[in-house]
Structure formats: structure tokens, C-alpha cells
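Colleague: Shown below is the structure under consideration.
The values are calculated or read from the model by the stated rules, or taken from the named source; none is laboratory data. Everything quoted here is computed from the prediction, not taken from an experiment. Here Cβ is always computed from backbone atoms with ideal geometry, including for glycine, and neighbour counts include all displayed protein chains.
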Amino acid sequence: MASFPEEFSHRPEDAFMTALGNKRGIIFSNGHIWKQQRHIGLTSLRKLGLGKKSIEHQIQDTAQTLVESFRETKGQPFDPSIPVINAVSNVICALSFGHQFAPEDENFQKLIQVLEILVKFSGGFFHVMLFVFPRLMSYLPGPHKKALAALDVIVSFAKQEIEKHKESHSLDEPQDFIDHYLLQMEKSRNDPNSTYNEENLAQCIFDFFGAGTDTTFATLMWALLLLTNHPDIQEKVQKEIEDVFGFSGSISYQDRKKLPYTNAVIHEMQRLKSVLLVGFPRQSIKDVKMRGYHIPKGSIIIPDLRSVLLDPEQWETPEEFNPNHFLDKDGKFIEREEFLSFGIDKILINRVPALEIVVVVVVVVVVVVVVVVVVGRRRRRRRRRRRRRRRRRRRRRRRRRRRRRRRRRRRRRRRRRRRRRRRRRQSTTWPIH
């Protein structure tokens, strides 16, 4: 499928896809609508600085906030899912709305709650049932009802932000995705073929949250778990980062090329613990001849990602966490055609520009977390050294005090002996002859 990105880029127009996106936005649209929505998505993200320092500074600040929330636990057991999803959602908010929300904000808390519902639903049994039997599930109760209601909450949340942007009139200097989209709507107002409207804008924002939040959240959670369970690999990553950047914790997405082992570890995380077991359904727009098989036009295809990512013929140890899968003999990073991040790379990232955000966030956050862990360990080591020095000093002082006491006792004993001798000499009387 990766060899035919255009032939398999179409989304099937069934009841399931219509319920999710109503044929709007970037993910669930096709044809002319998809081309225009994808165009504004790519151009706006590039202008906003995806892959540049402007957006990466916000991602680094978010990563530092995430680490601070970890520090507040003071080594006690805690659930990292809440601070992680807060951080990821705020990155998407910064791109879409131009600002981040405080964790205690009521609207932001509602957004987090509906995102958690979607995250849990996406990996459950009812998600598969809704895809296979969309019409039947519309009559049955279950968590899919809450998930579909959550979609409406996100879209309404996006529409509120759109209204705020329309009132601010900041189109002369667009600061976020909504500003760029509204500016494009203004430019194409007289174009009868234009599909730039508020409905598609709200759906595009939902696509950003849907494609960016769930994938980034799951990848970061697996990253924390795998690095914790493999301290030897964690130490190698720490050493590489320390040798290249020291303990600054400031890294850009382009700097990943200087960290071949760290880059290999991140790719291995995504391979072993893939967010998607199967790819999103696609539909062929023409007859295709692939590996001797004839795929007629209109066929619905569901790629089996797990069979490729865990193929023993392609990977030396497919069931193990082995970063050497992406390293050559000289320790340099190598790209693998068998590696399918978030689905078929050329097709999915080509269709959903927001997935580029996922890669940037994962790289920056993982490096920042590891650097902070290194700094924390160094501080602990320094504290331990200080404690040892203090103990040694105390021991030395005690020894000196003991020696002084012993010397004083010896002196006293000598003085006492001398006094006794003198008294004896004075008390002795010699006989007179």
C-alpha cells in the first residue's frame, strides 16, 4: 500500500465514517474537499513553525511543565496519564487556538474528559463493533453513545473558539490555525468551488485533536513504561544526550539526527507498542495490480500493521525491545521500510498533517524527560556525596576528640604518679646513725 499512496488515499463513505466526520475536515473527507482542507492544514502548520523553533519552544515549555508535575509527587506512586494528556492537549490547543489552558480551567477539564472517553473507546471492543455494524450499533446502548456525544462536545468547543477569534479581528497577523483558516475563508469568499467554511474548520480542529492527542498520549505512556523497565537502555540514552547536549534540556526536532541511539529507541517504541494494530480503512479509487493480486476499484482495505511490525522475517527479535533494529554496524540510525508509524507513513501523514506534530512532541518530550532524570540522578549523587563527606568529617572529629581525651587522661595519670612519688619521697624518714 505504501507504493500506491494516491490509489489508496480514499476514505470509504459508509455510515461509520459519516457518523465520525460527516465527510468534512481532513481525515474523513475525499476529493476536492480533502485537497483544500489538507492544503490549508499543511500551509498553516508550516507558517506557524512546525519543525521550527517557534512551536518547539512551546513544546519544550509543555515538557518542562509535565516534568514538574512528576516532581511534585516526590517519588510516590502516581498515575501519569492525567498530566500527560493535559500536556498533549495543550500542545494541540496552542496550535489550533493560539494559547494554552490552565489545568484548573473548567472548559479545559471538560475537553480532557471527553478526550479520555475517546482514548478509552478507541482501544475497546465497541469501537470495532461500531465500525463493522454501524447501523446496528446506532440502536444499541453502550460506550459508543458517549464517544459519539464526545465528538459533538469537541466540535462545539472548537466553534466557541472560532467565535472568539472572529470577534478579535486578528487576521492581519494570524497567530494560530483558526486565524489562518479564517483568512483563507476571506480570500476565497467569491470562489464558488471553495470548501472553506466554519463547519470544515471545526471538523479540522477535531481532526487535530483526534489524530494528535490519542497517538501522542499512547506513545508517551509506552515510552515512560519501556524506559522504566529497561534501565540499561535508559542509561545509554542518557549518556548519548549528555555527550551531545550536556544537561541543558534544550533540543529541537532537527537535533534528533545527532542522537542516533535515542532516535532508534523512539522508533523501536513505536514499532513494538504500535498505537494502531490495524490501519484506518481505505478505499481504492482505481483498479490496482499489487504483488500479483487484482484489487478492483471501490474495494475497502484494512491494513494489518501488526503483521508487518512484528514480522520475524523482517526483525531479528520482533517481540523484544531492541533499538538495534534501527542501527547499523557502526551505530548509525537507519530507516526501515518495514517500520509503519501510525499506519502507512506516506498515506496517513500525507492525509493528516497533524501527525507531524505527534513525531515532534514525542521526540522533544522524551529527551526532556530523560535529561531531567539525568539531572535528578546527578543531584541525588551529589547529595549522597555530601552526606558521605559530612559523615566522614563527623567521624574524624569524633576520633580527634577521643584522641584528645585519651591524651588528657594520660597526662592526668602521669601527673598523679609524679605527685604520689613526691609524697612518698617526702614522707620517708631516714634513720640517724
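Colleague: When you go through 302, 241, 266 one by one, which is the residue that is of a type in the set (A, V, I, L, M) and in contact with a strand residue (DSSP E or B) (Cβ under 9 Å, 6 or more places away or on another chain)?
Modeller: Within the list 302, 241, 266, the selection yields 302.
Colleague: Taking the criterion of being free of Cβ contacts under 8 Å to residues at least 12 places away in the same chain and assigned to a loop (DSSP other than H, G, I, E, B), would at least one residue in region 192-210 satisfy it?
Modeller: Checked against the condition, which is being free of Cβ contacts under 8 Å to residues at least 12 places away in the same chain and assigned to a loop (DSSP other than H, G, I, E, B), region 192-210 yields at least one hit.
Colleague: Hey, could you check region 1-35 for residues that are assigned to a helix (DSSP H, G or I) and modelled with pLDDT under 75 and say which is farthest from the chain's Cα centre (by Cα)?
Modeller: The qualifying residue farthest from the chain's Cα centre (by Cα) is 15.
Colleague: Restricting the search to region 263-317, which residues are among the acidic types (Asp, Glu), free of Cβ contacts under 8 Å to residues at least 12 places away in the same chain and closer than 23 Å to residue 10 by Cβ?
Modeller: Across region 263-317, the qualifying residue is only 287.
Colleague: Would you say residue 383 is charged (D, E, K, R), modelled with pLDDT under 80, surrounded by fewer than 20 Cβ atoms within 10 Å (Cβ to Cβ) and under 51 Å from the mean Cα position of the chain (by Cα)?
Modeller: Against the criterion (charged (D, E, K, R), modelled with pLDDT under 80, surrounded by fewer than 20 Cβ atoms within 10 Å (Cβ to Cβ) and under 51 Å from the mean Cα position of the chain (by Cα)), residue 383 qualifies.
Colleague: Here's something else I'd like to know. What helices (runs of 4 or more DSSP H), lying completely within region 218-333, carry at least 1 residues that are surrounded by 13 or more Cβ atoms within 10 Å (Cβ to Cβ) and at pLDDT below 85?
Modeller: Ranges flagged: 231-245, 305-309.
Colleague: Determine which member of the set 101, 78, 131 is aromatic (Phe, Trp, Tyr), under 23 Å from residue 163 (Cβ atoms) and either touching a residue at least 60 places away in the same chain (Cβ under 8 Å) or not in a helix (DSSP H, G or I) (or both).
Modeller: Unique residue meeting the criteria: 101.
Colleague: Here are the criteria: (1) without any contact (Cβ under 8 Å) to a residue 40 or more places away in the chain; (2) assigned to a helix (DSSP H, G or I); (3) surrounded by fewer than 20 Cβ atoms within 10 Å (Cβ to Cβ). Tell me which single one residue 153 does not satisfy.
Modeller: Exception for residue 153: condition (1).
Colleague: In region 164-191, which residue that is part of a helix (DSSP H, G or I) and under 30 Å from the mean Cα position of the chain (by Cα) is surrounded by the fewest Cβ atoms within 10 Å (Cβ to Cβ)?
Modeller: Taking the candidates together, the pick is 164.
Colleague: I need the full set of residues from region 95-118 which are surrounded by fewer than 16 Cβ atoms within 10 Å (Cβ to Cβ) and within 21 Å of residue 81 (Cα to Cα), in order please.
Modeller: 102, 103, 104, 105, 106, 107, 109, 110, 113
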